[in-house]
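First up is the structure itself, then whatever we jot down about it.
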Amino acid sequence: MHRVFVYGTLKSGEPNNNVLQDRTRGTALLVGKAKTCLEYPLVIGTRYNIPFLLDAPGKGKRVIGELYDVDKKMLNTLDEFEDHPSWYTRSKIHVERMPDHESQIPSAVMKEEVCGYLLQQYKPYMFERAAVEEYRSRSSDYLSKEDRASIEDYNFKAETKYMDKTADRPCLTEYSTAGNHERPYDKVGDLGHESVEQNLIEFWEANRRYVLLTE
């Protein structure tokens with residue numbers, strides 16, 4: 001079995017807890033509530049009000065969530081649900097058990113290393129959002145996957161994370177027009193989206209890749 005820490009919509013009473021309860025997807029047993037030993041930024045972002053646990057230990061707050069013991073099948077289900085490793089990254093984190101009468105598995109171990117899904121390569125503005133100790137969808141107006149169809153032409157992943165490998169490459173210290181590279185967009189007005197926000201996102205992504213690829 002694999003012990004997993006969940007902190008967002010997979011928790012008991014939250015919109016996606018049904019994933020852990022679906023026995024056709026594997027087995028998951030609630031161990032109890034836990035809190036991260038280190039601080040992490042748990043922030044709410046995008047138009048969908050999604051909870052993100054940023055991979056920045058020592059920043060933010062000690063995050064409260066739940067521990068589940070899952071079998072290999074359920075772990076694969078969670079990897080698929082969290083889009084590991086291209087979106088979230090399943091990482092090792094240390095947590096401390098909290099008193100909880102709902103636990104299905106008694107344990108004397110109070111501090112342990114478990115798996116958790118963290119967001120890496122997040123964009124700087126994500127780190128500027130207010131960190132919360134415990135996520136509750138009712139207080140954050142979470143928009144479920146079923147309801148997101150009403151928002152068209154919106155890529156929340158591109159808004160929050162550097163999704164290509166060039167994100168790890170250093171930026172230019174000096175810009176030169178030499179070479180055969182054509183700059184994607186010179187100004188935001190060159191883009192055709194009706195949404196100003198979407199224009200800005202695409203403008204930033206296109207020109208960021210241009211700078212990185214022409215070093």
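The values are calculated or read from the model by the stated rules, or taken from the named source; none is laboratory data. A quick note: this is a predicted structure, and the numbers were derived from the prediction, not measured. Cβ: placed from backbone, ideal geometry, glycine included. Neighbour counts: every protein chain shown. The accessibility values were calculated without ligands, DNA or RNA, using every heavy atom of the protein model including side chains. Shrake-Rupley method; radii C 1.70, N 1.55, O 1.52, S 1.80 Å.
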Inset, instruction - For a quick protection proxy, order the peptides 24-31, 62-69 by their average other-Cβ count within 10 Å, most packed first. - result: 62-69, 24-31
Inset, instruction - Return the long-range amide H neighbours of ALA34 (sequence gap of 5 or more, or a different chain), with a cut-off of under 5 Å between placed amide H atoms. - result: GLY65, GLU66, LEU67, MET98
Legend entry - Pairs beyond 25 Å (Cα-Cα), from LYS111/LYS145; LYS111/LYS161; LYS11/LYS73; LYS59/LYS111: LYS111/LYS145; LYS111/LYS161
Inset, instruction - Provide the per-residue ³J(HN,Hα) series for the range 153-160, in order, calculated from phi with Karplus coefficients 6.51, -1.76, 1.60 and θ = phi - 60°, each as a whole number of Hz, with x at glycine and proline positions. - result: 6, 10, 10, 5, 5, 5, 6, 9
Inset, instruction - Rank VAL43, GLN21, TYR117 by how far each Cα sits towards the positive end of the charge dipole of the range 1-146 (+1 on Lys, Arg Cβ; -1 on Asp, Glu Cβ) and give me just the farthest. - result: VAL43
Inset, instruction - Using a 1.4 Å probe over the heavy atoms of the protein chains, calculate the carbon and sulfur portion of the accessible area of the range 15-78 as a whole percent. - result: 46
Inset, instruction - Divide the volume of the convex hull of the Cα atoms of the range 1-75 by its number of residues and quote the answer in cubic angstrom per residue. - result: 97
